[in-house]
Amino acid sequence: MEMMEMAKQILKGITDNLDQDIMMHKDIILKIRQMNEVTGKKVTIRIFGKSGEGKSSLLNAVLGKKDLLPSGCFGACTAVITQVEANLSDSNYKAEIEFFSKEEWEKELQDLFKVLSDDSEDKNEDMIQIAVEKINSLYGENADKKTPEELKNHSTSVKIEEYLSMSKKMISTSDVSEFANEVACYIMHSEASPGGWYWPIVKSVTFKVPDCCELLQHIVLVDAGTGDCNKIRDDLWKSKLRDCSSVWVVSAIKRATTDKGPWEMLKHCIEELGPGGECKSINFICTMTDDINPKPYCRSARLPDTTPIADCILYRNNSTKKKMKEKFEHLNPGLKKLMEKFSMDVFTVSSKAFFEQNPVVKKPDTEIPKLQDVLKNHNRSINRELGRDYVNEAMGVLSLIQSFLPSTDEALIKTIFHDDLKKNLNEALNELDCQFAFIQNNLDQCLSNGVLESVEQCLENARAELIERKTDNRGYHKILKALCKNNGHYWSRNWDETLDLNKCLAHPMKKNISEEFSIIFSLNEKSGKSLQEHLDKFSIIQRDKTYPRSSMFHHIQNFIKTQETKLKASCSREILEKKKEMYASIEITIQTKMTPCYGKAAKVSGKGSFMKMQKILKETIESLKEEMFSEVKEEVLKKFRTLKWYIKDYLESELNKSIELFLLTTNTTLFDVSREIEDLEKLSNQLSE
C-alpha cells in the first residue's frame, strides 16, 4: 500500500493549501475526502469440508497461530457461519458474535420441537439428530425430553435471554489462549458435556486476527457450515456462496479420493459459484498428510519396507494429487463442463508438521507456505489494483486544479468543451441504451424458450429425478417428507445425498439462458453481446475531435477520463451483483410459488402418505407451471431493466456533475500542481510495471 500512501501525502499537501471558504476549493477537498474514505476491497474464500477433516488446524497453520481456533470449531456445528479476517486496528484478537433475535429463536425452538414430536414413519433421523443436538447443547443433557415451557425455567435460560436481546457480543483480548477459551462456547459442541454451548442461537462469528495483514488484509476466510433447515441461516449460507471468489475443498488425505461428501457439496453448489456467483478458482486441500503408518502403507503402495516415513508421505502426496486430477477427468460431462470454468489446484498439507521443531517432513513439503503464498499474492494483486485506481483518480483531481490556471482563451475553450461534452454524453447514453436493448431482446428470447421447455418438461423431470425416483432406499418417503419440510431441498448430514426440487424445476430455464447469460456477463467477450464490452466502449471524450491547442483542455480531458474510469468500475461491480440476483431469482421465484404446496405435503401423515405427497407435488406443478415460469421470466427481465436504468442514470448524473464542475468557477485561480502531477505519473508507471 506504499504507493497509495505516497499519493495520499501528495494530495494532503494540496488540500492543506486550499482555502476552505472558496466554493471550488470546497468541492475539491470534498472529492479528496471521499477518495480517502473508500474502504478497501475484500474478497471471500469459501471453505468446504466436514468436521474432523482438519479445517481448524489448517487455518491456524496458514495464519501462523497454533492455538487460535480450537480443533473442531469449523464444521462441528451444522450451521454457524464462521469467518476469519485481519484485525487492522490494533493488536488484539477479536470475535464479533451475532445472535438470533428472541422472536427468531422462539420460532426456531418451536420448529425443533415439531421435529422431535414427529412419531410418524416419515420422520427424518437427520433432522431429529440436529434438533436433539441444538437443544441439548444449549440446555443440557436430556433437555430434548422437556417441553419449551420447562426450558424457560432452565438455569441457562437467563443467559440465553441476555444473548438474544443483545444482538451482538464482542470479545477482545491480546492473549490468544484466553481468546480461544472465551469464544469456545459460541462455536463448539460437546456431547460429553452438554449445556452452555451457545452455537444454536448464533448466526455468525467473525474472528479478527492481528499481525496477518500480509495474508488477510483484503481477504475473508469463510466456513458457512453445511447449510441448515432454518431459513435465516439457509439464506446466509447461499449468499456467502454467491459472494466467494475462491473455494477451498478440505478433506483428510486418507479419504480425499473416496469421500463423496465434498464432491456432492460442490456439485450441489456449482451453479451458485459459477454462473450465479463470482468464483474463479477451486483448490482441493488434502490435510493430515503426516498421519501415516509407514509399514502397511509401503505394502499397499508396493514400496520397499525400508522406505523412510518422509518418503512415504511425499509418495502418497504425489499419488493423491494425481488421483484427484484423474477424478476430475471422470466427472459427468455436465458437472465437468461447469468446473472447467474455474482454475483448479491440489494441495497436500500437514498443519501439525508445520509447527513442529523437528518435523518428519521439511516445512516447504507441508505445503502450508504454498497456501500462504496464494493469500499473499492475492493481497498484493488487490493492493496494486487499489493503488492504481487511487493514483489515477488523484491525477484526475490535480488535472482539474491545473485547468484553473489563468489563460487568455479560458472562457471560450471551457464553453466549447462543456457544450461538446454535454452533447457527447447524450449521444453515448443513447448508444448504450440501444446496445442494452439489443442484449435485453436476446435474453428475452432465451427466457421465452426456457418457459416453453420448462412447461413441457418440468413435471416429467420432477417425477423422474425426485418425486417418483427409482431407488432401492425404502426410506425414500422420509427423504421426500424432509424435502417438503425444508421448502424443496434436502441434503444428508454427510452430503452423500443432495436433492433439490426447486433446482430440478429450474433446470430447463437455466439451460436455455446459460450460454447467453455467460456472454452477457462476460468480462472479456468481444461479440457485441456483453454489458461490460459496451460499458468499456462508453466515453464522452471524442478522440478524433480537434480543439484549440491548450494545456487547459488537456487537463480537463484528463479529469473527465479519470471520472469515467471510476464510474465504469462502480458500474461493473453493480453488474456483478445484479447478475447474482438475476440468477438466484430463478429458483427463488419457483420456491416462493411452490412453498404453499411444500407446506401442505409436509403435513400429510398416516397410511398412504407417500403417495399423497407425490400427488400433491405433481398436481401443484401441473397447475402452476405456466404461471410459475412466466413469473420467472418476468422477474429476471425486471432485474435486468433495473440494472440498465441504474447504469444509465448513474453515468448521466455523475458525469453531468463532473462536466459542470470545471465551469462553476471560471474566475477562480488555484495554483500550479504540475510537479505533483508528474510525481503521480511516476507512481502510476511503477504500479503498471
Expressed in whole Å with the largest first, what are the equivalent ellipsoid semi-axes of the chain derived from the C-alpha gyration tensor as the square root of 5 times each eigenvalue?
50, 34, 26
What spacing in nm lies between the two simple spin-label points modelled at E456 and S120, each 7 Å away from Cα in the Cβ direction?
3.7
Packing-ranked peptide list from 477-486, 169-178, 515-524, 325-334, highest mean Cβ count within 10 angstrom first, is 477-486, 515-524, 169-178, 325-334
What do you reckon, how do H507, H268 stack up by accessible area (1.4 Å probe), largest on top?
H507, H268
S174/E326 FRET efficiency (R0 60 Å; Cβ-Cβ; nearest 0.05):
0.80
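Nearest 0.05, what FRET efficiency do E37 and D67 give at R0 = 60 Å with Cβ-Cβ as r?
Values: r = 37 Å, r/R0 = 0.61.
Using R0 = 60 Å, I get an efficiency of 0.95.
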Here the net charge surrounding L386, from other residues whose Cβ is less than 14 Å away from its Cβ (Lys, Arg +1; Asp, Glu -1), is +2
Starting from 0.36 nm per residue, how many nanometres of slack lie between S381 and K638 once their C-alpha separation is accounted for?
89.0 nm
What figure in square angstrom, to the nearest 10, would you give for the accessible area of S609 with a 1.4 Å probe?
0
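If I stretch the segment between L88 and N181 completely, what's the gain in nm (0.36 nm per residue apart, minus their alpha carbon distance), one decimal?
Numbers: separation 93, 0.36 × 93 = 33.48 nm, distance 2.25 nm.
Fully extending the segment from L88 to N181 adds 31.2 nm.
Suppose we keep just the DSSP beta bridges with both residues in the chain; what percent of those would be antiparallel, to 5? Display every interim value, and only then the final one.
Numbers: 18 of 46 bridges.
Percentage antiparallel, nearest 5: 40.
Might you tell me the accessible area per residue for the stretch 269-400, computed with a 1.4 Å probe and given in Å²? If you can, show how the numbers build up before the last one.
On the way: 6530 Å² over 132 residues.
About 49 Å² of surface per residue is accessible.
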Taking the dipole of the chain about the Cα centre (Lys, Arg +1; Asp, Glu -1; charges at Cβ), the one of S193, H154, L303 that reaches farthest to the positive side is L303
Measuring from label point to label point, each 7 Å out along Cα→Cβ, what is the K615 to A310 span in nm?
7.1
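Residue separation times 0.36 nm, minus the C-alpha to C-alpha distance between S623 and L335: what's the value?
Numbers: separation 288, 0.36 × 288 = 103.68 nm, distance 3.13 nm.
Between S623 and L335, full extension yields 100.5 nm more.
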Could you check how much of the accessible area of the chain is carbon and sulfur, as a whole percent, using a 1.4 Å probe?
48
Probe 1.4 Å, all protein chains in place: accessible area of K168 in Å², nearest 10?
100
Enumerate the amide H contacts of C244 below 5 Å, restricted to partners 5 or more residues apart or on another chain; note that Pro and chain-start residues carry no placed amide H.
E278
Out of residues 5 or more away from A252 or on other chains, whose amide H comes under 5 Å of its own, with H placed 1.01 Å from N in the peptide plane?
T287
Any idea how far apart S167 and M344 come out in nm if each label point goes 7 Å out from Cα toward Cβ?
4.3
Compute the label zone of R463 within the stretch 623-637: residues whose backbone N is under 17 Å from the point 7 Å along Cα-to-Cβ.
623-626
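The values are calculated or read from the model by the stated rules, or taken from the named source; none is laboratory data. Everything numeric in this text was worked out from a predicted model, so none of it was measured. FYI the Cβ positions are ideal-geometry reconstructions off the backbone, even for glycines, and counts take in every protein chain you see. Quick note on the areas: whole protein, heavy atoms, side chains included, nothing else; ligands and nucleic acids left out. Shrake-Rupley method; radii C 1.70, N 1.55, O 1.52, S 1.80 Å.
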